[in-house]
1. Is any helix in the chain, taking whole DSSP H runs, at least 27 angstrom long along its axis by alpha carbon and on average at least 0.0 on the Kyte-Doolittle scale, and which ones?
2. Per DSSP H run of n ≥ 4, the term is -39500 (n - 2.57); total these for the chain, divide by its residue number, and report the mean residue ellipticity at 222 nm rounded to 500 deg cm²/dmol.
3. Classify the chain as rounded, prolate or oblate from the Cα gyration tensor: take a ≥ b ≥ c as the square roots of its eigenvalues, call it rounded if a/c is under 1.5, otherwise prolate when a/b beats b/c and oblate if not.
4. With a ≥ b ≥ c the root eigenvalues of the C-alpha gyration tensor of region 146-278, is it rounded (a/c under 1.5), prolate (a/b larger than b/c) or oblate?
5. At each listed q (0.16 Å⁻¹), what is the log10 of I(q)/I(0) that the Debye formula gives for region 210-310 modelled as equal alpha-carbon point scatterers?
6. With the crude spin-label approximation of a point 7 Å out along Cα→Cβ, what separation in nm comes out for GLU213 versus ALA182?
7. Students often check this: by mean Cβ neighbours within 10 Å, which of 348-359, 109-120 ranks highest, and how do the rest follow?
8. Run the numbers for ASP41 and ILE203: contour at 0.36 nm per residue of separation, minus the present Cα-Cα distance, in nm.
Amino acid sequence: MAIEALYVHIPFCHAKCAYCDFDSRALDGSALDAAVVRYLDGLFRRIDALGDAGALQNVRTAYLGGGTPTVLGPRLPELVRHIRAWCAPEELTCEANPESFTEALAAGLAASGVTRISLGVQSFQDEELCAIGRLHDARSARAAVERVREHGFDVSCDLMCGLPRQTEESWEETLHEAIDAAPGHISVYPLAIEAGTPLARRIERGEECAPDEDFQAECMVRARDLLEASGYARYEVASYAKPGKACQHNIAYWTGTSYLGVGRSAAGMLTAGEFCGLSALFGDTLAGGGAARVRFVQRDDAACSFDFEFLSEREAIAEDLMLAMRTTVGAPPELIERARRVLGAARLQAGIRAATTSGLARLDAATGALAPTEDGWLLGNELFGIMWDLC
């Protein structure tokens, strides 16, 4: 099997952030601690089953996300060792929050084989961190970045724009703080307001203002300018990296690479052939005859039920074109040629013309790739829609 990426979901946090609608639960006592033990036992069994089936032998990247994986404490390195018993990923990333990334845990993760830490910094402004319910402050964020570096990990920092109380000046201060901390990788995301979250309810009551999309766009442009001037290159719409520090797991998602998701709410994507080879691990699901690609999401803790989406060959190639529009390299010539065979030359050309004449994408004369423009990133949904409609 050519499954090259593995995602493992940890649905626990010390506290839910005000904007978060991810599948996660706050740790609040012994009953939930017992649930953590049961959940991890289920993860171990699922990883063993996938390993026994030969599904993990070619994994090159692994990513532990959440939630907040670092709330697991000493059991987190144990999980990493369990993964590495079945595969030898070149890049193994663990998400962490500053308040739970302790010295002891950093040492344990380094010894277990984690290579990369993605820190949820979000802001270096205490008032903004408090407004979104983060448990750390700017000082502990700085200390966490240094701790990551001291233990030899590659460092990534996540930042958010459009936060309550954020201004142009405070955003620029956060960017400068991040650049001064010198992580190899920085991701920049606009805050999204999700229905039912505490922040959404505060906005509904008039206690906070909804994020201004024009302000967020200006923040993204300012981030691009400052980060690129500081030696970071953007390789996808939200991510910047120093040379050699791009996240290979991210790249797998945007380039049609097969990946497995393990844990409740974890998503995966396989070719139809790979899925058939593992069908016994998905409840012997035989639906979707004639599909070229299968997407799935685990619905429960025990890996007993899944939601499936079966994509035709046309849908799969349109999806590859759409995802390629998130990256700086765009859709390479070989993908465009494959799309021409599957979708038809006239239909593909019409889509390319729609994307280029609207200024959302451009054809690179040197490489032959179809790549997004700056407008294509800022108006991503329009560009993604053009690509998806090709199916």
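1. Working: long enough: 30-52 (33 Å, 0.33).
Counting only whole DSSP H runs, the qualifying helices are 30-52.
2. Values: 15 runs with 163 residues, N = 391.
Estimated from H runs of four or more residues: -12500 deg cm²/dmol.
3. Values: a/c = 1.58, a/b = 1.08, b/c = 1.46.
Taking the square roots of the gyration eigenvalues as a ≥ b ≥ c, the chain is oblate.
4. Working: a/c = 2.12, a/b = 1.23, b/c = 1.72.
Oblate is the answer for region 146-278, as a/c is 1.5 or above yet b/c matches or exceeds a/b.
5. -0.80
6. Label at GLU213, label at ALA182, 4.0 nm between them.
7. 109-120, 348-359
8. Full-extension gain reported as 54.4 nm.
The values are calculated or read from the model by the stated rules, or taken from the named source; none is laboratory data. Computed from a predicted model, the values in this text were never measured in an experiment. Cβ atoms come from the backbone with ideal geometry, glycine included; neighbour counts cover every protein chain shown. Note: accessible area is taken over every heavy atom of the protein model, side chains too, but ligands, DNA and RNA are not part of it. Shrake-Rupley method; radii C 1.70, N 1.55, O 1.52, S 1.80 Å.
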